[in-house]
1. Taking the residues in the stretch 1-57 that are of a type in the set (Asp, Glu), modelled with pLDDT under 95 and within 30 Å of the chain's Cα centre (by Cα) as candidates, determine which candidate is farthest from LYS249 (Cα to Cα).
2. Report, by residue number, each residue of the stretch 343-386 that is of a type in the set (Gly, Ala, Ser), more than 13 Å from the chain's Cα centre (by Cα) and either assigned to a helix (DSSP H, G or I) or near the ligand (Cβ under 8 Å from one of its atoms) (or both).
3. Any chance you could count how many residues in the stretch 94-122 are over 29 Å from the mean Cα position of the chain (by Cα) and surrounded by 21 or more Cβ atoms within 10 Å (Cβ to Cβ)?
4. I'm trying to understand the selection: among the residues of the stretch 400-411, which are within 11 Å of the ligand (Cβ to nearest atom) and either among the hydrophobic types (A, V, I, L, M, F, W, C) or not assigned by TED's automatic domain parsing to the domain that holds GLU357 (or both)?
5. Checking the conditions here, which among GLY72, GLY81 is modelled with pLDDT under 95 and either under 25 Å from the mean Cα position of the chain (by Cα) or assigned to a loop (DSSP other than H, G, I, E, B) (or both)?
6. Please specify each residue of the stretch 506-527 satisfying the condition of being in contact with an Asp or Glu (Cβ under 8 Å, 6 or more places away or on another chain), of a type outside the set (A, V, I, L, M) and surrounded by fewer than 21 Cβ atoms within 10 Å (Cβ to Cβ).
7. Report the residue count in the stretch 515-542 for those that are free of Cβ contacts under 8 Å to residues at least 60 places away in the same chain, under 35 Å from the mean Cα position of the chain (by Cα) and in a helix (DSSP H, G or I).
8. Taking ARG573 as the residue in question, decide whether it is charged (D, E, K, R), in a loop (DSSP other than H, G, I, E, B) and not assigned by TED's automatic domain parsing to the domain that holds SER261.
Amino acid sequence: MCGIVGYVGPRDAIEVLVGGLKRLEYRGYDSAGVAVIGGDGELATHKRAGKLGVLQRDLVAEPLPRSETGIGHTRWATHGGPTDVNAHPHLGDHGRLALIHNGIIENYAALRDELAAEGYTFASETDTEIAAVLLGREYGRTNDLVGAFRAVVGRLHGAFTLLAVHADEPGLVVGARRNSPLVVGLGDGEQFLGSDVAAFVQYTRRALAIGQDEIVAIRPDGIELMDFEGRPVQGEEYEIAWDASAADKGGWSSFMAKEISEEPDAIEQTLLGRLHDDGVDLDEELAPGIDDDVVRSITRILLLGAGTASYSGLLGKYAIEKWAGVPVEVELAHEFRYRDPVLDAGTLVVSISQSGETMDTLMAVRYAAERGARTLSICNTQGATIARESDAVLYTRAGPEVAVASTKAFSAQVIALYLLGLHLAQKRGTLGAEETRRLVADLRALPAQLQTVLESGGEVRELARSMSDTRSVLFLGRHAGYPIALEGALKLKELAYIHAEGFAAGELKHGPIALIEPGQRVFVVVPSPRDRNSLHPKVISNIQEIRARGAHVLAVAEAGDVAVLPYADDVLRIPLAGPLFEPLLAVAPLQMFAMELAAAKGLDVDQPRNLAKSVTVE
Ligand code: M6R
């Protein structure tokens, strides 16, 4: 949950590190720090509680010496609160060595006791400092940073990405990873390390994925990759598909605003090259891990994810079951592996993750693979751990998502799941040609339809501003509107810190209706009245039930649905689309609403309190 950057090369290391941290700040932002080796061969560090801006101001007021070797860190606290002392880097070897860490060292207490018994003392409450002191002790024995690093990582349990520098070895940054991400950026006469490629994409688009339990040493003229035993390893180089400008705000008030505006493009890109008039073509991407034989032998599908990703899974379930006739379960990744799930070779486990690094989801994928299930990941980040550890990957192409609240990645995940549903249906012969063509046309229409929804942003803003004192909002939906109700509530909670709950509208009378009192604001995602099996009349009844008890109803309804008018206090309109496509249009006003309400309350839209973009701890 922390952001990590490393650099060796001729540029001013501080500039590279701070720029990289800025792009990784979404991973955690309660403190930040840097360590560099100055031209005088001395280690210089500075770290501060608060967002990166606090550290930046300090570095302007009291600059560190120019350096060509350094490491930087932005933190999301686990062990020890967000204070100056607990911020990274942590020091070892009498202040000549600096180390930064992402993850949790589970056996830190035993290691601390071992070191304390030898007379070592600690300044912070962190698990990270234990690793720094241990590394200092090993360096004292070997005078070799790479060798000392190997000795240390072999003693750590848990999840960690570690980077370290030593004053006696300028021009060298050593890193290691287990269960936490680390990527190398390959330059010409310079090398980079980052939690993800955003850290260095402005300098190079050549990246190298570092595998589980591997160590990397970067020097200006090249890199050395080895496993924890020191055996050389061949890295997997790849080209980063997006450039630095994709991760900039580009004139928008926030990354979230920019990313919502990019939703039509995220959908379009995710469809690109995968659709033809008569169906989908995913053969090349899914094979060899999930070939036709596997597709035909699947007896059930398990969709796993967390937060927003899990809600995209709910929509995926409706589509896959309807189109391909395969039973689908959706489960929160962090619940899945603690309940002895029944898995076999007929089970296809599909993990959904924007970052591809969410620890809960990664652990669930590993658990499923160990028990013989096939694994497919739907992932937005190229080369991410979950993608690499799955039998096959279907990338969403939403581009970098920086705001903590997931928006365009959600839409792209739903699209990828729909493509998967069509692929399965095609291979298993469960959808007629006409129906398939109609669905393809519906998918193709979505980006333009969504664009028109985004154009109603002003209306949503007005509504949000009028509700800035609201303390509780409920969200109701049925069928495909239900996941959207859950997502609308999650967005409002995480961005505007307002109590919000999403319910299946049919569930209301089984309990939640007791919450309704005069003035209670309730968003209702209203299904289309045109659908043959429409739930429209039932949802209208649900609205009447809450209106009768004084609720203030905010409906998200199809253009032309006049039946809703007598029952809604406010109506946000979406274009006409098929039942499984409406949710992709209905979610945007709810995302915008949460964003605008947070902005009206003066809150940080991109970096809400207590959260991190990529949750790489369990
Ligand atoms: O990177 P992932 O898609 O695996 O992240 C999963 C959740 O942590 C994420 O969707 C989270 O719920 C978002 N902050 C919601 O906006």
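1. ASP30
2. ALA364, ALA368, ALA369
3. Residues flagged as over 29 Å from the mean Cα position of the chain (by Cα) and surrounded by 21 or more Cβ atoms within 10 Å (Cβ to Cβ) within the stretch 94-122 amount to 1.
4. ALA403, VAL404, ALA405, ALA409, PHE410
5. Residue meeting the stated conditions: GLY81.
6. LYS509, PRO512
7. Here the count works out to 2.
8. Answer is no for this residue.
The values are calculated or read from the model by the stated rules, or taken from the named source; none is laboratory data. These numbers come from a predicted model, not from an experiment. Ideal geometry is used to build each Cβ from the backbone, glycine not excepted, and the neighbour counts take in all protein chains shown.
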